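Take a look at the structure set out below.
Please treat every number below as a calculation from the coordinates, not as lab data. The structure displayed is predicted, hence computed values, not measured ones. Cβ coordinates were reconstructed from backbone atoms using ideal geometry, including for glycine residues, and neighbour counts include every protein chain displayed.
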Amino acid sequence: DQQVKQNSPSLSVQEGRISILNCDYTNSMFDYFLWYKKYPAEGPTFLISISSIKDKNEDGRFTVFLNKSAKHLSLHIVPSQPGDSAVYFCAASAGGTSYGKLTFGQGTILTVHP
Amino acid sequence: DGGITQSPKYLFRKEGQNVTLSCEQNLNHDAMYWYRQDPGQGLRLIYYSQIVNDFQKGDIAEGYSVSREKKESFPLTVTSAQKNPTAFYLCASSKGRNTGELFFGEGSRLTVL
């Protein structure tokens, strides 16, 4: 039972354009969402998060949008750079006793071409 | 340089053997976690610990055991009861229970021969 889904295994974008990565979830108890980035042979690194009381959070070139009614979130990267090429995981938490109990999606491989 | 150190990076095990993966952090974080990653899947939570001498099962704890005797250390033992142990194992930590911002180690790849 996949509670967090990233339906696009891969995405290819030209440098300078916008990258949009999508994520859907099914568990209504999730109230905190995060994006992680992972390079090969490294552990994931935290990128950006959003609480369910917001519908948008921005940090530099990265913006996360949350649509609670659709149970959908997306990560926008503008402008995309070749160094952004990595695997991106969305994750969700029901908060409560531990926000670190994350449920991850399968990941989307982003390739940014120069 | 603060961070999380996992060892070994690569480990081979014969069927029926227990193995222990090490995870050490010098970030002074209270909470620590073990996740498992399989090809084409997201990370799945095995065990987590919010304070010393306390730990909780995650979503896939069967066949695994942990201990948390020191704040800095959270070793994971993969026992012979784990039916499909070949995977990439990631240890993480966070400042406390109220954040999902995890700091991950570089991972340990376990292969059962």
Inset, instruction - Count charges around B:Q37 for me, please; just the other residues with Cβ under 10 Å from its Cβ, Lys/Arg as +1, Asp/Glu as -1. - result: +3
Inset, instruction - Give, as a single signed number, the net charge of other residues whose beta carbon lies under 13 Å from the beta carbon of A:V78, with Lys and Arg counted +1 and Asp and Glu -1. - result: -2
Inset, instruction - Identify the residues of the range A:72-87 with backbone N under 13 Å of a label point that sits 7 angstrom from the Cα of A:E58 along the Cα-to-Cβ direction, or state none. - result: A:76-79
Legend entry - Average other protein chain Cβ within 10 Å of Cβ, residues B:91-104: 6
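So if I place +1 on the C-beta of Lys and Arg and -1 on the C-beta of Asp and Glu, and nothing else carries charge, what would the dipole magnitude of chain A be about its Cα centre? I want it in debye, nearest 20. Mind dumping the intermediate values first?
Numbers: 10 positive and 9 negative charges, 23 e Å.
The calculation lands at about 120 debye.
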Legend entry - Positive dipole terminus of chain A, leading residue within A:G60, A:Q81, A:T26 (C-beta point charges): A:T26
Inset, instruction - Hey, can you grab everything whose amide H is under 5 Å from the amide H of B:Y47? Only 5+ residues off in sequence or another chain; H modelled, so Pro and N-termini drop out. - result: B:W34, B:G58
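When Rg is the radius of gyration of the Cα atoms in the range A:43-114 and Rh is its Kirkwood radius, what does Rg/Rh come to?
With Rg and the Kirkwood Rh in hand, the quotient comes to 0.97.
Taking the range B:28-73, which GluC sites (Glu not before Pro) meet the DSSP loop condition and have no more than 13 other C-beta atoms within 10 Å?
Taking the range B:28-73 and a limit of 13 other Cβ atoms within 10 Å, the loop GluC sites (Glu not before Pro) found are B:E62, B:E69.
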Legend entry - Under 25 Å, Cα to Cα: Lys pairs in chain B, sequence gap 8 or more or different chains: 12
Legend entry - trypsin sites (Lys or Arg not before Pro) restricted to the range B:8-113 and DSSP loop, no more than 12 other C-beta within 10 Å: B:K9, B:K14, B:K83
Legend entry - Farthest positive-ward along the range B:1-62 dipole, Cα basis, beta-carbon charges - from B:G42, B:F55, B:I4: B:G42
